[in-house]
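Q: Input: one structure, supplied below.
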């Protein structure tokens, strides 16, 4: 997806989805400057049906984590089979993706960059190279960057910036060795996703 398309997607869905990572935290964020749907003229969003509202929440979730419809549906039914609230389980599954964890911890400035690192085999999980961005991490898993990635100035700068902002409590990070350990899989309240996971559950439950 092109960068301008990512900005249009945020504006069309009416939410800041942080698809460009750290850039979304700056004054260059298109959603902050133009918080209305893309088009020639500004207009108020029309009142939507319940179905349309639930569908939009699902589109937000898919866009944030860059998950296709088929895979997202699999995540939903996996979450439904597990004990506890389905929406909470869905968030935990999405958050446990390897590309998302790399972004959360600051080893990548965006989930897109994280996917590139993984697909180029620059990431190890528990000592083994992993090239699948959707790989689901578990508690106590140890993730490390390969030596080739450690030389990247963008990665170094990203980690330094993440340390300044504060590393999420569910990680234990060794910035010098470019490694982190998953202490826990975060819940909805910890990540505060910009979409309503319960609306997504209602959509698939119809």
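The values are calculated or read from the model by the stated rules, or taken from the named source; none is laboratory data. Computed from a predicted model, the values in this text were never measured in an experiment. Cβ placement follows ideal geometry from the backbone for every residue including glycine, while neighbour counts extend to all protein chains displayed.
Q: Among the candidates 197, 202, 161, which residue alone is in contact (Cβ under 8 Å) with a residue 24 or more places away in the chain, over 17 Å from the mean Cα position of the chain (by Cα) and under 19 Å from residue 62 (Cα atoms)?
A: Values: 197 fails: over 17 Å from the mean Cα position of the chain (by Cα); 161 fails: under 19 Å from residue 62 (Cα atoms).
Of the residues listed, the single one that is in contact (Cβ under 8 Å) with a residue 24 or more places away in the chain, over 17 Å from the mean Cα position of the chain (by Cα) and under 19 Å from residue 62 (Cα atoms) is 202.
Q: Is there a residue being buried (at least 21 other Cβ atoms within 10 Å of the Cβ), in contact (Cβ under 8 Å) with a residue 12 or more places away in the chain, touching a strand residue (DSSP E or B) at 6+ places or on another chain (Cβ under 7 Å) and part of a strand (DSSP E or B) anywhere in region 102-122?
A: No: region 102-122 contains no residue that is buried (at least 21 other Cβ atoms within 10 Å of the Cβ), in contact (Cβ under 8 Å) with a residue 12 or more places away in the chain, touching a strand residue (DSSP E or B) at 6+ places or on another chain (Cβ under 7 Å) and part of a strand (DSSP E or B).
Q: Please specify each residue of region 130-147 satisfying the condition of being in contact with a strand residue (DSSP E or B) (Cβ under 7 Å, 6 or more places away or on another chain) and outside any loop (DSSP other than H, G, I, E, B).
A: Passing the criteria: 136, 142, 143, 144, 145.
Q: I've got another one for you. Which residue out of 82, 41 is farther than 14 Å from residue 199 by Cα and at pLDDT below 90?
A: Numbers: 82 fails: at pLDDT below 90.
Every option except 41 fails the conditions.
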